[in-house]
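K.L.:
Handing you a structure now.
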Amino acid sequence: MSNMFQWVRQVSGKLGAPVVTSIDQTSPQHQSFMRQLQKDLKAKQPLLQPLDTLEFTVLDLETSGFYPDGGDKILSIGAVKVKKGRIYHNDTFYCTISEPGVLSSEVARLTGLTKEELEQAPPLSEVLQQFYEFIQTDILVAHHAKHERKFLQHATYQSSGMQFRHRLLDTSFLYQIAAPEQEAGELDTCCAYYGIPVNNRHHALADAVMAAELWVCTIQDVMKKGYETLQDVYVHLNRQTR
């Protein structure tokens, strides 16, 4: 068993238990927290800061399908912090969600999740409150982030009536500059380019950690090429699309 697989199993903890301190579950307090968080996000100005000084949360969602508007659900959330160009392996979030009724046999085989595990898990609204408490105003990163964006937009509105406001970047945002000759395909392929071990694939926390390792590698490479800030990257990519 690889070291990373052992570590993921350890930090995943008890079935369904989030690896963060619980916040107050009362709706008015959560609404107040979310309103303040959105104000803080609006005030934050990360575009001109050096990439290796920013704080990111790299995340992954395992879901029952691809279409939240069609009834597909988030089954688990995994996330890890990246601060100042370093992965903080002890600063993670992982939780399964109480959606046993939508777990197909195909998704169960792919993710390793079980109906018993999901039956013991907390509801989505509780998990999202804890997740937002964990991420605070971090810039979010995910591999194939369009998937995560759709589900977070839908789930955030359904659970709190508020819009999803966080900046969410795809790993390809930097990868296409760091490795322009490579296709930004599956996570396994991108990790292979940097020699990042692929273990326990389709476990939300394991995938988040691999995506974080990929993100840190690409930060280093794009900065070596002279792209110091998010604004530098946006300007370059905008020119590429013209």
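The values are calculated or read from the model by the stated rules, or taken from the named source; none is laboratory data. All values derive from a computational prediction rather than experimental measurement. Every residue, glycine among them, receives a Cβ derived from its backbone with ideal geometry; neighbour counts consider all protein chains shown. To get the accessible areas, we keep the full protein, side chains included, count just its heavy atoms, and leave off ligands, DNA and RNA. Shrake-Rupley method; radii C 1.70, N 1.55, O 1.52, S 1.80 Å.
K.L.:
What number of residues within the range 177-214 are charged (D, E, K, R) and under 25 Å from Lys84 (Cα atoms)?
P.N.:
Within the range 177-214, the first condition is being charged (D, E, K, R), and the residues that meet it are 181, 183, 186, 188, 201, 207, 213.
Narrowing further to those that are under 25 Å from Lys84 (Cα atoms): 188, 207, 213.
So the answer is 3.
K.L.:
Could you please find all residues in the range 212-222 being open to solvent by 10 Å² or more (accessible area, probe 1.4 Å) and under 27 Å from Phe131 (Cα atoms)? I'd like the intermediate steps shown before the answer.
P.N.:
Looking only at the range 212-222, we keep the residues that are open to solvent by 10 Å² or more (accessible area, probe 1.4 Å), and these are 213, 216-217, 220-221.
Answer for the range 212-222, where residues must be open to solvent by 10 Å² or more (accessible area, probe 1.4 Å) and under 27 Å from Phe131 (Cα atoms): Glu213, Val216, Cys217.
K.L.:
Looking at the range 162-185, I want the residues that are closer than 17 Å to Met34 by Cβ and without any contact (Cβ under 8 Å) to a residue 60 or more places away in the chain and have a partner that is acidic (Asp, Glu) and in a helix (DSSP H, G or I) with Cβ atoms under 8 Å, at least 6 apart or on another chain. Which pairs are those?
P.N.:
Short answer, once both residue conditions are applied: Leu168/Glu148.
K.L.:
Moving to a separate point now. Given the options Ser159, Ser125, Ser98, Ser105, name the one that is touching a Gly at 6+ places or on another chain (Cβ under 9 Å) and of a type outside the set (Phe, Trp, Tyr). Reasoning before the result, please.
P.N.:
Working: Ser159 fails: touching a Gly at 6+ places or on another chain (Cβ under 9 Å); Ser125 fails: touching a Gly at 6+ places or on another chain (Cβ under 9 Å); Ser105 fails: touching a Gly at 6+ places or on another chain (Cβ under 9 Å).
On inspection, the qualifying residue turns out to be Ser98.
K.L.:
Moving on. For residues that are among the acidic types (Asp, Glu) and closer than 23 Å to Met223 by Cβ, scanning just the range 168-191, find the one that is most open to solvent (accessible area, probe 1.4 Å).
P.N.:
Filtering the range 168-191 for residues among the acidic types (Asp, Glu) gives 170, 181, 183, 186, 188.
Applying the additional criterion that residues be closer than 23 Å to Met223 by Cβ yields 170, 181, 183.
Working: Asp170: 41, Glu181: 118, Glu183: 149 Å².
By that ranking, first place goes to Glu183.
K.L.:
For the range 174-215, what are the residues that are closer than 26 Å to Val107 by Cα and touching a Leu at 6+ places or on another chain (Cβ under 7 Å)?
P.N.:
Cys190, Cys191, Ile196, His202, Ala204, Asp207, Ala208, Met210, Ala211, listed by residue number.
K.L.:
I've got another one for you. Starting from residues that are more than 21 Å from Phe93 (Cβ to Cβ) and either among the basic types (Lys, Arg) or assigned to a helix (DSSP H, G or I) (or both), keep the ones in the range 192-211 and report whichever is most open to solvent (accessible area, probe 1.4 Å).
P.N.:
Tyr193
K.L.:
Any residue at all in the range 19-41 that is at pLDDT below 75, closer than 27 Å to Ser172 by Cα and open to solvent by 20 Å² or more (accessible area, probe 1.4 Å)?
P.N.:
Within the range 19-41, one or more residues are at pLDDT below 75, closer than 27 Å to Ser172 by Cα and open to solvent by 20 Å² or more (accessible area, probe 1.4 Å).
K.L.:
Based on this model, can you work out whether Arg165 counts as out of contact with any helix residue (DSSP H, G or I) (no Cβ under 8 Å at 6 or more places or on another chain) and open to solvent by 10 Å² or more (accessible area, probe 1.4 Å)? It would help to see each step written out before you state the result.
P.N.:
Working: out of contact with any helix residue (DSSP H, G or I) (no Cβ under 8 Å at 6 or more places or on another chain): no; open to solvent by 10 Å² or more (accessible area, probe 1.4 Å): yes.
When the stated conditions are applied, Arg165 does not pass them.
K.L.:
Anything in the range 53-108 that is of a type in the set (Phe, Trp, Tyr) and touching a Lys or Arg at 6+ places or on another chain (Cβ under 6 Å)? List them, or say none. Reasoning before the result, please.
P.N.:
Kept after step one, since they are of a type in the set (Phe, Trp, Tyr), are these residues of the range 53-108: 56, 66-67, 88, 93-94.
Selection gives Tyr88 alone.
K.L.:
Restricting to the range 112-129, and then to whatever is touching a strand residue (DSSP E or B) at 6+ places or on another chain (Cβ under 9 Å) and buried (at least 22 other Cβ atoms within 10 Å of the Cβ), can you tell me which residue is nearest to Pro46 (Cα to Cα)?
P.N.:
Leu128
K.L.:
Show the residue pairs meeting these rules: Cβ distance below 6 Å; 6+ apart or different chains; first residue within the range 88-104 and under 18 Å from Gln136 (Cα atoms) and open to solvent by 10 Å² or more (accessible area, probe 1.4 Å); second residue in a strand (DSSP E or B) and among the charged types (D, E, K, R).
P.N.:
Once the first residue is under 18 Å from Gln136 (Cα atoms) and open to solvent by 10 Å² or more (accessible area, probe 1.4 Å) and sits in the range 88-104, its partners that are in a strand (DSSP E or B) and among the charged types (D, E, K, R) give Tyr88/Lys81; Asp91/Lys81.
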